[in-house]
1. Ranked highest first by average number of other Cβ atoms within 10 Å, how do 294-306, 228-240 line up?
2. Using only alpha carbon pairs under 8 Å that are at least six residues apart, calculate the relative contact order of the stretch 60-194 and give it in whole percent.
3. Sorting S291, S122, S204 on the 10 Å Cβ count, fewest up front, what's the list?
4. What list of ³J(HN,Hα) values in whole Hz, one per residue of the stretch 163-172 in order, does the Karplus curve 6.51 cos²θ - 1.76 cosθ + 1.60 (θ = phi - 60°) give from phi, with Gly and Pro shown as x?
5. Arranged by the count of other C-beta atoms within 10 angstrom, fewest first, what order do S136, S110, S151 take?
Amino acid sequence: MADDEELFTRAEARDKGLTDRQITRRLKSGTLVAARRGILRRGSGPQRESVSDRSPAVPVDVKAALLTSPSRELVVSHATAARLLGLPKPLAGWPRPQFTATDGPTRNRSGIQIKVATLEASQVIEHLGIAVTTMSRTLADCLRTLPGRDSLAMLDHALNRGSVDLSAVLEVVRQQARWRGVAIARQVVARADARRESPLESWSAWAFAHTDVPVPEWQVEVHEPDGQLIGRADCWWSAGVVGEADGRSKYALAAAERGGDAAAVYRVLQAERKREQRLRDVGAEVVRWSSEEVLDKAAAHRLAQRIAGALAQARAQARFTGVIAPTMLQASTDERPDPPSDCA
């Protein structure tokens with residue numbers, strides 16, 4: 001067997017010179033492992049090579065699923081394509097491998113999902129040596145089939161990194177106008193924003209849309225009256241309210257950039273306290289929230305009430321004296337549909 005093979009059938013192992021007795025002995029020793037019925041891979045035995053210096057590979061479960069359907073032309077699609085293309089993981093985790101075929105039966109068993117649908121050649125690319133749906137087709141499929149907050153995080157991520165144009169995703173959604181889930185896909189597209197920089201910000205936007213929180217501006221710079229930069233805010237309401245989505249990863253990354261030890265964490269937290277005080281000094285109300293407060297329905301409603309209170313206080317006092325500037329260009333909205341009046 002070639003050194004770079006990861007998964008192979010028992011028949012392929014025999015073709016390479018192994019007898020059934022040798023295969024069985026290697027399975028017992030752990031040199032070979034049964035990844036799925038009839039599908040083998042190298043185990044942790046002494047003959048297994050180190051893979052630390054290998055380039056990114058197709059996940060084992062995806063490759064195994066492809067090997068179990070050798071007679072069909074399958075294209076990795078939906079959330080599995082999102083996984084291979086580097087999009088954020090859904091909150092419930094990655095589902096079992098998903099594929100699209102243009103003919104043959106659908107399948108939803110034995111650890112694999114095969115959907116039969118129209119798939120244009122222009123919507124398929126080769127990635128990691130296998131056929132995968134393009135970014136725009138992958139996103140459109142995820143918008144229709146995943147919970148809105150998950151697919152919004154994926155779409156925002158792709159837009160923020162310039163991996164796709166919103167118009168391209170919208171065109172695929174239009175092509176799928178009669179497909180199941182297209183209504184929720186349109187809602188997600190209507191709320192996409194390239195300025196959001198993390199899944200938590202996207203989850204927050206989705207929660208705001210379902211709790212009647214006014215739409216904020218995302219990622220703005222707050223300056224003192226003399227123009228000195230105070231810092232960047234995750235979101236901003238023009239009444240004078242700064243919103244901060246406080247994911248742990250944000251502070252962990254900042255601490256890592258300063259050395260990663262306890263002293264670095266302390267310095268990051270101290271800097272954040274000083275930054276918040278400077279925001280308050282120019283009259284801004286500051287509202288912070290965690291992922292739990294936007295992912296839990298009851299907590300999201302309580303957060304909405306806190307934001308409403310901060311907005312009311314800011315309007316009543318009219319104390320904000322700072323200057324706001326965007327940190328990046330607005331995402332194009334030329335072809336963006338109007339936000340729906342009801343949120344399913």
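No lab work stands behind these numbers, since they all come straight from the coordinates. Since the structure is predicted, the reported quantities are computational estimates derived from the model, not experimental observations. All Cβ positions, glycine included, derive from the backbone under ideal geometry; neighbour counts span all protein chains shown.
1. Listed from highest to lowest mean packing, they are 228-240, 294-306.
2. After rounding, I find 22 percent.
3. Result, fewest neighbours first: S122, S291, S204.
4. Those phi angles translate into 7, 7, 9, 4, 4, 5, 5, 4, 5, 5 Hz.
5. So the residues, fewest neighbours to most, are S110, S136, S151.
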